[in-house]
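See structure below.
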Amino acid sequence: MRCRTSRENPICSAGGFLLNTSRHYKTKPTHGIGRYKHLIIAQEPKKKRGKVEIRPINLGTDHEYGVINIHLTAYDMALAESYAQYVHNLCNDLSIKVEESYALPTKTMEVLRLQDQGNKMFLDSVLTTHERVVQISGLSATFAEIFLEIIGNNLPEGVKLSVKEHTEEDFKGRFKARPELEELLAKLN
């Protein structure tokens, strides 16, 4: 058996491998080490949003409701938003299909008050009404009563709940009216 000296094997000597400056790997190519671009799947560019098309309305069957809108109205936006999120998560947990969840345009209402002496009215306050809609489908007729009871029991103060079937008027009510554009289209026709 032959023992090597510390100069022949830098690992055997203490500190010898720190003193050894001949790095043999510096002269060799990396062959793509550290490159990852080929691993990433190329994503398609995002499509531009076009016009929202009217989908055919599902009317349902004898045992199952069609598309149902759950309207949540409140004066506090955070309250309406959080309860809409609760209803959405509840539907997901109970395997009820959520078609869409959206906000309707905010409505403002001015409250005018009559002065004690006189007939002039002055602005007392401005109320803003926030409305959220959770649109569900595939709710069975037997489970609907239980589902609505759960939602009604957990309804916070200040939130008004209404449940109705989806119609074309509900779809058109989502968008703000543009009277200038409608006037121009009427002139063209």
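The values are calculated or read from the model by the stated rules, or taken from the named source; none is laboratory data. Nothing here was measured: the structure is a model prediction, and the numbers come from that model. Heads up, the Cβs are rebuilt from the backbone with ideal geometry, glycines too, and the neighbour counts pull from every protein chain shown. The protein model used for the area step is the full one, side chains on, heavy atoms only, and it has no ligands, DNA or RNA in it. Shrake-Rupley method; radii C 1.70, N 1.55, O 1.52, S 1.80 Å.
See the values below:
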{"quantity": "Phi to ³J(HN,Hα) by Karplus 6.51 cos²θ - 1.76 cosθ + 1.60 over segment 129-138, Hz, x for Gly, Pro", "calculated": "10, 9, 10, 10, 10, 10, 9, 10, 8, x"}
{"quantity": "Accessible area of segment 115-189 divided out per residue, in Å², using a probe of 1.4 angstrom", "calculated": "74"}
{"quantity": "From the C-alpha gyration tensor of segment 103-180, square roots of 5λ in Å", "calculated": "36, 20, 9"}
{"quantity": "J(HN,Hα) series, segment 163-178, from Karplus relation 6.51 cos²θ - 1.76 cosθ + 1.60, nearest Hz, glycine and proline x", "calculated": "10, 8, 6, 6, 10, 5, 5, 5, 5, 6, x, 5, 9, 6, 6, 10"}
{"quantity": "Full-stretch length increase - A144, L39 - with 0.36 nm per residue and alpha-carbon distance subtracted", "calculated": "33.0 nm"}
{"quantity": "Segment L90-T128, extension gain: residue separation times 0.36 nm, minus the distance between their alpha carbons", "calculated": "11.0 nm"}
{"quantity": "Potential extension, R174-N189 segment - 0.36 nm per residue separation minus Cα distance", "calculated": "2.9 nm"}
{"quantity": "q = 0.11, 0.13, 0.16, 0.20 Å⁻¹: log10 I(q)/I(0) that the Debye formula gives for segment 30-188, counting C-alpha atoms only", "calculated": "-0.68, -0.82, -1.01, -1.29"}
{"quantity": "Burial order of peptide ranges 131-144, 162-175, 112-125, 85-98 (average beta-carbon count within 10 Å, highest first)", "calculated": "131-144, 85-98, 162-175, 112-125"}
